[in-house]
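Chemist: I have a structure here, written as structure tokens, and I will follow up with some questions on it.
The values are calculated or read from the model by the stated rules, or taken from the named source; none is laboratory data. Quick caveat, the model's predicted, so the values are computed rather than measured. All Cβ positions, glycine included, derive from the backbone under ideal geometry; neighbour counts span all protein chains shown. Protein only, heavy atoms only, side chains kept; ligands, DNA and RNA dropped before computing areas. Shrake-Rupley method; radii C 1.70, N 1.55, O 1.52, S 1.80 Å.
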Amino acid sequence: MYINGDWVFAASGDKLTTVNPSTGEPIGTAPSANARDVDIAVGAARAAFPAWSGLPQGERNKVLFAIAAKIRENAHDIALVEGEEHGTPYNDAFGACMGAAEKFEWSANAAAALKGDEIPVPAANTLTYVKREPVGVIGFITPWNLPTIMTAVKLAPAIALGNTCVIKPPSINSLTGLKFAHVLSMVEGLPKGVVNFITGSGSVAGAALASHPDVDMIGFTGSSETGKAILASAAPTVKKCVMELGGNNPVLIFPDADIDASLKVLAWRQFNNSGQHCSGPGRYYVHEKVYDEFVSKFAAYAESLKVGDPSDKSVQMGPLVSREHQQKVLGYIDGALAEGARLVTGGVASETGFFITPTVLADCTHGMKAAREEIFGPVAVLIKYTDADDLVALANDSDYGLCAHVWTRDIGAGMKLIGKLHVGAVFINCQMLANEQPWGTSIKESGIGKEGGTYGLLEFTDAKLVCVNYN
Ligand code: NAP
């Protein structure tokens, strides 16, 4: 693990093994931290905080730009590790590294542009203003679905603003986390202790980080279930928690939708990263007028994809991340079929590794488990509807509220839905368009707070009120 600028084993000597999801074979081991290791890492981050937060922004920014350069220089190597351990196709993993580098540059520039606020007051010879200060020591607990970019999107704004961090990557992608740490360890000018990486299980290392009394804030991305456990761990010390949690995102396809254009976006999103995207489509409500066309074109797209070894640059979809997740996704497919869904294509699990062929399930209903829960896999759940009147109610009928996708040529009708959809983001005839935007929501069980863009940047600051009477 990378603690206080040194490479260390877990105090207990325990290790965990990670597996290549394309082959099912073990690829290496990482230390398995316990509360003692977490305590040392938090101590290092705390000790580094005064000097790092006290640096002028321009000095910190030099380090952030150096990190970006080092990530670009090592993108090929990071992408290989992510491909081998997570199953990300090479081009996607390489692209994620470029995106990660941009996060550091963007965060440096955005932090430099942040200003405090002066509040007008009626009394003479007084001054009231708000000063933005870093929160302190931040514990990050990250998910496996996009290991490199998920680390960068948290770390970059946090350290740009003077915070120091302890990061716990997902245990099944520990080596990808440590590869990222290795790249950071080569950055000249990054003081020891500013960024620390610990590996280990969520229930031990993650829980110890979330409950540690000297951690000021937790930044978490993962399932809503784990999010609730982390909130409980963080509650006794009343930590600030930014939580990016699960989703089951509705897709509304109106009868006038441009089906080809919609599928270019949605089918790609459905199968990219094997469907392991929080913002991806969860359940599709397709008007009966265009339903058959939508189903057959979706299936044709699914069947056209090249699935296989992520290191082959022509491969478009790799495996799912683990045997456990593969089995979970297969369970949703089997459950939907038992409840009356029709398997249009896919649904086949590989004998070697953790692949599932791109799957399209037609004739699903809103009440099916596969439509109610987050599958997080390469499975499109298609539901036919006839009456648009209850569509918004169906879309909103979920424990989640992360985002919604709308496809219609009647842009006015689409815009009118924005206020009615109880979600944190609405995509009309498109997917995410900007690189830097606020993501996440505090709606229902999908999270608390924002990540990304200026809104996300501000989460890593505390707004200190200063009132001065100079009479
Ligand atoms: P997960 O199982 O919830 O795990 C996420 C992280 O939490 C891992 O590092 C895990 O460690 C750790 N953890 C587990 N139990 C813990 C505990 N009791 N205390 C502290 N930490 C603990 O999530 P995942 O399966 O990796 O990721 C998939 C989920 O993430 C999906 O639900 C998806 O929607 C969500 N997600 C949301 C967003 C968003 O922006 N809203 C983005 C991406 C993903 P271990 O690996 O050791 O279990």
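Chemist: In the full protein assembly as shown, how much of HIS212 is accessible to a 1.4 Å probe, in Å² to the nearest 10?
Modeler: My reading of the accessible area for HIS212 is about 20 Å².
Chemist: Nearest 5 is fine: what % of DSSP beta bridges in the chain come out antiparallel, could you say?
Modeler: 40 percent
Chemist: Please work out the C-alpha center-to-center distance from region 76-109 to region 307-331 and express it in whole Å.
Modeler: First find each Cα centre; the distance between them is then 18 Å.
Chemist: With the other protein chains left in place, how much accessible area per residue, in square angstrom, belongs to region 35-124 at a 1.4 angstrom probe?
Modeler: Value for region 35-124: 45 Å² per residue.
Chemist: Can you tell me the 0 to 90 degree angle between the C-alpha axis of helix 224-234 and the longest principal axis of the chain, rounded to 10?
Modeler: It works out to around 20 degrees.
Chemist: Using amide H atoms built 1.01 Å from N in the peptide plane, name the residues 5+ places from SER32, or on other chains, whose amide H lies under 5 Å from its own.
Modeler: ALA10, ASP14, LYS15, LEU16
Chemist: Going down the list LYS240/LYS464; LYS15/LYS240; LYS103/LYS306, which pairs span over 19 Å between their C-alpha atoms?
Modeler: LYS15/LYS240; LYS103/LYS306
Chemist: Okay, next question. Between ALA380 and residues 5 or more places away or on another chain, which pairs have amide H atoms under 5 Å apart, with H built 1.01 Å from N, and which residues are they?
Modeler: Correct list: THR359, VAL360, LEU361.
Chemist: Ok, one more. If you filter region 169-269 for trypsin sites (Lys or Arg not before Pro), then keep DSSP loop positions with at most 16 other Cβ within 10 Å, what is left?
Modeler: Filter output for region 169-269: LYS192.
Chemist: Right, another one. Taking a 32 Å limit on the Cα-Cα distance, which of the listed pairs LYS384/LYS444; LYS369/LYS420; LYS313/LYS444 fall beyond it?
Modeler: Violating the 32 Å Cα-Cα cut-off are LYS313/LYS444.
Chemist: What's the carbon and sulfur percent of region 57-102's accessible surface, probe 1.4 angstrom, rounded to a whole number?
Modeler: 56 percent
Chemist: Considering only protein heavy atoms, what per residue accessible area in square angstrom results for region 392-434 with a 1.4 angstrom probe?
Modeler: So region 392-434 comes to 48 Å² accessible per residue, rounded to a whole number.
Chemist: A further question on this structure: Between VAL348 and ASP14, what is the spin-label point distance in nm, taking each point 7 Å from the Cα along the Cα→C-beta axis?
Modeler: Computed distance between label sites VAL348 and ASP14 equals 4.1 nm.
Chemist: Shifting gears a bit: Ordering ILE138, ILE119 by how much accessible area each has at a 1.4 Å probe, largest first, what is the list?
Modeler: ILE119, ILE138
Chemist: Over region 56-200, what is the relative contact order in percent, taking alpha-carbon pairs closer than 8 angstrom and at least six residues apart?
Modeler: 28 percent
Chemist: Which angle between 0 and 90 degrees, to the nearest 10, do you get for helix 35-54 versus the longest principal axis of the chain when only C-alpha atoms count?
Modeler: Tilt of helix 35-54: around 60 degrees.
Chemist: Quick one: compute the contact order of the chain, relative version, from alpha carbon pairs under 8 angstrom and 6+ residues apart, as a percent.
Modeler: 19 percent
Chemist: Here is a further query. From the helices alone, meaning DSSP H stretches of at least four residues, give me the mean residue ellipticity at 222 nm for the chain, per-run term -39500 (n - 2.57), in deg cm²/dmol to the nearest 500.
Modeler: -12500 deg cm²/dmol
Chemist: Distance between Cα centroids, region 10-59 to region 160-205: provide it in whole Å.
Modeler: 5 Å
Chemist: Note the angle between two axes, namely the Cα long axis of helix 288-304 and the longest principal axis of the Cα atoms of the chain, as a number of degrees from 0 to 90, rounded to the nearest 10.
Modeler: 70 degrees
Chemist: So, one more: Quick one: what are the phi-derived ³J(HN,Hα) couplings along region 262-269, Karplus 6.51/-1.76/1.60 with θ = phi - 60°, whole Hz, x for glycine and proline?
Modeler: For region 262-269, the Karplus-derived couplings read 5, 5, 4, 7, 6, 5, 4, 5 Hz, x marking Gly and Pro.
Chemist: Please list, or write none, the aspartates and glutamates whose alpha carbon is within less than 16 Å of the alpha carbon of LYS416, excluding same-chain residues fewer than 8 places away.
Modeler: ASP256, ASP389, ASP390
Chemist: If amide hydrogens are placed 1.01 Å from N in the peptide plane, which non-local residues have theirs closer than 5 Å to the one on ILE27?
Modeler: Here THR18, VAL19, ASN20 satisfy the definition.
Chemist: To the nearest Å, what is the center-to-center distance of region 399-431 and region 337-357, using C-alpha atoms only?
Modeler: Taking the Cα centre of region 337-357 as reference, the centre of region 399-431 is 30 Å away.
Chemist: Let me ask another. Could you rank the peptides 327-336, 275-284 by their average count of other C-beta atoms within 10 Å per residue, with the highest value first?
Modeler: So the order, starting with the most tightly packed, is 275-284, 327-336.
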